[in-house]
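Below is one structure, written out as structure tokens, with a few remarks after it.
The values are calculated or read from the model by the stated rules, or taken from the named source; none is laboratory data. Keep in mind that what you see is a predicted model, and the values were worked out from it rather than measured. Cβ placement follows ideal geometry from the backbone for every residue including glycine, while neighbour counts extend to all protein chains displayed.
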Amino acid sequence: PERKAELIAKIKRLLIEKDAVLVAHYYTSDDLQALAEETGGCVSDSLEMARFGNKQTAKTLVVAGVKFMGETAKILNPEKRILMPTLEATCSLDLGCPVDEFSAFCDAHPEYTVVVYANTSAAVKARADWVVTSSIAVDVAEHLAAQGKKIIWAPDKHLGNYVQKVTGADMLLWDGACIVHEEFKARGVLDLKQVYPDAGVLVHPESPESVVAIADAVGSTSQLIKASQTLPNPRFIVATDRGIFYKMKHASPHKEFIEAPTAGNGATCRSCAHCPWMAMNELENLAHVLETGSQEVFVEPSLIPKALIPLQRMLDFAN
Ligand code: CIZ
Ligand code: SF4
């Protein structure tokens, strides 16, 4: 604990010294989320992270999250220095959508509008007409469907399937998934509901259809946090990364939050509801990058203006 307090004090000092601001995702550790809050940074989902970084005057943004979030910050703020606690933190959705294959897929369906999730590389964004996050996925699909547009949706097939159901849009889905959300099991959630009949079920739409089907609320991380405050249940079974409990508990200290089971037998798995890449963000490596300036995010300069177009379209639409 002494070492941790020292590290936190050091990071606070370095953030000021280096004119840096910390932006942390809801899925990072409680320590990092608290640090971001205490130092004038922000804790949020990927949409808010992008918006927040865009408004900062600090010369350096430190993005505690995964690689696509650092890249998005760089594309929106090419003049700023973007650091991450580690550049190794990636995402199974990003990995599962290599640009060459994706481009060929888009080329084969030229009449489709290309919509990609924020969880993609800069190169994939550069090939897209729209970028979306889960907070506005449904709204964007509705908007496009109303214009009679057909949609290529990548990379998350579960989110795509959900959006297709809700909006009725004509969508062609890429076959990608999040390794964390894909593991949640409807059987396990139903078994847990037997034990806690008063529990509400909160589900991120990156989860399988069978889990989404038994949810009391389906939505992005920020939407699920809101639902945990407004729904009357005294406890919730939550199918998303458990990092989100930090904000949920803060907003509703009297409520109980339970990880949705990842095994079919109703037993909760203590390590499954947490993204291994988000977990690579630590106080130690954060202090190190602030001190040394290592782990800086670079995006191929020719990609920046191309990837900015669909990203800016998303931000303008969301406003
Ligand atoms: O699963 C993720 O990586 C999410 C929910 C990102 C975000 O904040 O949209
Ligand atoms: Fe990617 Fe899933 Fe981790 Fe989010 S939780 S960064 S979607 S692997």
query: Here are some conditions: (1) in contact with a Phe, Trp or Tyr (Cβ under 6 Å, 6 or more places away or on another chain); (2) surrounded by fewer than 24 Cβ atoms within 10 Å (Cβ to Cβ); (3) over 22 Å from LEU283 (Cβ atoms). CYS42 meets all but one. Which one does it not meet?
result: (3)
message: When the residues of region 133-163 are narrowed to those that are surrounded by fewer than 19 Cβ atoms within 10 Å (Cβ to Cβ) and free of Cβ contacts under 8 Å to residues at least 24 places away in the same chain, which ends up farthest from ALA318 (Cα to Cα)?
response: GLY148
message: Of everything in region 126-145, what is away from ligand 2 (no atom under 15 Å from the Cβ) and either in a strand (DSSP E or B) or under 16 Å from the mean Cα position of the chain (by Cα) (or both)? Give them in sequence order.
response: TRP130, ILE136, VAL138
- prompt: Which condition breaks for LYS74 when tested against (1) surrounded by 18 or more Cβ atoms within 10 Å (Cβ to Cβ); (2) under 29 Å from LYS249 (Cα atoms)?
  reply: (2)
field: Pairs with Cβ under 6 Å, 6+ apart, first in region 6-35 and hydroxyl-bearing (Ser, Thr, Tyr), second in a strand (DSSP E or B) and crowded, with 24+ Cβ neighbours inside 10 Å
entry: THR28/ALA64
Candidate set: region 77-117, residues that are of a type in the set (D, E, K, R), closer than 21 Å to PRO301 by Cα and in a loop (DSSP other than H, G, I, E, B); chosen: the one modelled with the highest pLDDT: GLU88
field: Segments classed as helices (runs of 4 or more DSSP H), wholly inside region 166-280, with at least 2 members that are within 16 Å of ligand 1 (Cβ to nearest atom) and at pLDDT 95 or above
entry: 209-212, 221-230, 245-251
query: Cβ-Cβ below 9 Å, separation at least six or inter-chain, first residue in region 176-190 and within 8 Å of ligand 2 (Cβ to nearest atom), second of a type in the set (Val, Ile, Thr): which pairs?
result: VAL180/THR240; VAL180/THR262; HIS181/VAL203; HIS181/VAL211; HIS181/THR240
- line: Subset of region 150-185, residues hydrophobic (A, V, I, L, M, F, W, C) and over 28 Å from THR90 (Cβ atoms), comes to VAL166, ALA169
